Amino acid sequence: MENMEKVSLEQAKRQYTGQWLAFLVTEETLTGELLGQLIGHNPDRRELHRELREKKMARAYVTFAGPAVKPGYTVIL
């Protein structure tokens, strides 16, 4: 695994801004903060999923550590 130390998801997002994160949630605080272990990170989502398959990781929360929409773009729902 990438990091066996327990960290918050928000800490991991700050450290790896602009990358895809694979996170194993082990605890949720009363305030809703997610704690766990960072399994991996990569700027390329497909590459991160390939790495997870190689490690045979079936349980991971995969999220992007950055804005959902690139600056200058607009989303209409």
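No lab work stands behind these numbers, since they all come straight from the coordinates. Source: prediction; values computed, not measured. So basically every Cβ, Gly included, is an ideal-geometry build from the backbone, and we count neighbours across all protein chains shown.
Modelled label positions at VAL62 and ASP44, each set 7 Å beyond Cα in the direction of Cβ, lie 1.4 nm from each other.
Here the Karplus relation 6.51 cos²θ - 1.76 cosθ + 1.60, evaluated at θ = phi - 60°, turns the backbone of region 23-39 into coupling constants of 10, 9, 6, 10, 7, 10, 6, 4, 8, x, 5, 8, 10, x, 10, 7, 8 Hz, with x for every Gly and Pro.
Ordering GLN19, THR74, HIS41 by Cα displacement along the dipole of the chain toward the positive end leaves THR74 in first place; charges were set at the Cβ atoms of Lys, Arg (+1) and Asp, Glu (-1).
Normalised by the empirical 2.2 N^0.38 Å for globular proteins, what value does the Cα Rg of the chain take? Spell out each step's value before the answer.
Values: Rg = 13.3 Å, N = 77, 2.2 N^0.38 = 11.5 Å.
It is 1.16.
Once backbone amide H atoms are built at 1.01 Å from N, TYR61 has PHE23, LEU24, VAL25 as its partners under 5 Å, excluding neighbours fewer than 5 places away on the same chain. Using alpha-carbon positions, what is the distance between the centroids of region 12-32 and region 48-77, in Å? Going from one Cα centre to the other spans 12 Å. Taking the charge dipole of the chain about its Cα centre, with +1 at Lys and Arg Cβ atoms and -1 at Asp and Glu Cβ atoms, the residue from VAL7, TYR61, GLY32 reaching farthest to the positive side is TYR61. For the chain, a simple Cβ point-charge model (Lys and Arg +1, Asp and Glu -1, everything else neutral) yields a dipole of about 300 debye relative to the Cα centre.
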